[in-house]
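**Student:** Could you have a look at this structure, given as structure tokens, before my questions?
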Amino acid sequence: MTRRSVTAQYPDAQPELPPRTRGVIGLFEENCTVCMLCARECPDWCIYIDSHKETVPPAAPGGRERSRNVLDRFAIDFSLCMYCGICIEVCPFDALFWSPEFEYAETDIHELTHERDKLREWMWTVPAPPALDPAAEEPKEVAAARKAAEKLAAQEAKAAAEAAEAAEATGAADNAADNAADNAADNAADNAADNAAGNVAGNTEGDA
């Protein structure tokens, strides 16, 4: 209130939009599974989806063939859309995102129905998600992945320790066997030498 207002001369000066601006909806086609949840939940019925089924060969020999949905058409009629964001919230596979793009006016209302190619182009204008609060809880997906990795690392460390202990036990057994063999050989040599010395002494006394 203490400063004079300044008029931004659009379109020469582009506005600075908030990061959560609801401009248009971008489509990340690779994540779409054609579950039709966004179209069913849309209160304006402005989402049009067409698809067909394809048979996928088994991944391994002797496996069972499976069928999957292939997206043929994904269009949104922005002349009906009220930008409620329900379709983005209910999408279970993160295929829809808000884009800050707002310059998509048309001279004909029928041209406001944009197909998936245009929606995919808008996907590249979607800003990166904001960084998490350092004091926030770790996401469940990250925590589950970290716990699985730690468990796998612990199992590998335990297996390595057991292998090292087994190698040490095998080495100790080999050393014991070698020592026993050396002792037996030394004892046998000593006994043979003693016997030979005794025999020589006995023969010497007999001759005398």
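The values are calculated or read from the model by the stated rules, or taken from the named source; none is laboratory data. This structure is a prediction, so every number in the text was calculated from the model and none was measured. Because the Cβ atoms are built from the backbone with ideal geometry, glycine has one as well, and the counts that use them run over all protein chains shown. Each accessible area value is taken on the protein alone, full model and side chains, heavy atoms only, with ligands, DNA and RNA left out. Shrake-Rupley method; radii C 1.70, N 1.55, O 1.52, S 1.80 Å.
**Student:** Residues with beta-carbon under 13 Å from that of C87, excluding C87: net charge, scoring Lys, Arg +1 and Asp, Glu -1?
**Tutor:** Net charge in that neighbourhood comes out at -3.
**Student:** Just in segment 29-70: which trypsin sites (Lys or Arg not before Pro) are loop by DSSP and have at most 10 other Cβ atoms within 10 Å?
**Tutor:** Listed in order of number, the matching sites are R64.
**Student:** If you count only protein heavy atoms with a 1.4 Å probe, what accessible area per residue comes out for segment 55-167, rounded to a whole Å²?
**Tutor:** Accessible area per residue, segment 55-167: 73 Å².
**Student:** Applying 1/(1 + (r/R0)^6) with R0 = 22 Å to the Cβ-Cβ distance of C35 and E121, what FRET efficiency is obtained, to the nearest 0.05?
**Tutor:** 0.40
**Student:** With a ≥ b ≥ c the root eigenvalues of the C-alpha gyration tensor of segment 36-153, is it rounded (a/c under 1.5), prolate (a/b larger than b/c) or oblate?
**Tutor:** Cα axes put segment 36-153 in the oblate bin.
**Student:** Compute, for segment 98-144, the length of the dipole vector about the Cα centre, with Cβ point charges of +1 (Lys, Arg) and -1 (Asp, Glu) only. Units Debye, rounded to 20.
**Tutor:** In total the dipole reaches around 180 debye.
**Student:** Here's something else I'd like to know. What nm value, rounded to one decimal, do you get for the distance between T7 and S51 when each label is placed 7 Å out toward the C-beta?
**Tutor:** That separation, rounded to one decimal, is 5.0 nm.
**Student:** Next up: Compute the signed sum of charges (Lys and Arg +1, Asp and Glu -1) over the other residues within less than 11 Å, Cβ to Cβ, of Y104.
**Tutor:** Once all neighbours under 11 Å are counted, the net charge is -4.
**Student:** Under a crude label model (7 Å from the Cα following the beta-carbon direction), how far is D94 from A163 in nanometres?
**Tutor:** About 3.5 nm, to one decimal.
**Student:** Report the full-extension gain for the segment R66 to A149: residue separation times 0.36 nm, less the Cα-Cα distance, to one decimal in nm.
**Tutor:** 26.8 nm
**Student:** Report the full-extension gain for the segment V142 to Y83: residue separation times 0.36 nm, less the Cα-Cα distance, to one decimal in nm.
**Tutor:** Difference between extended and current length: 18.2 nm.
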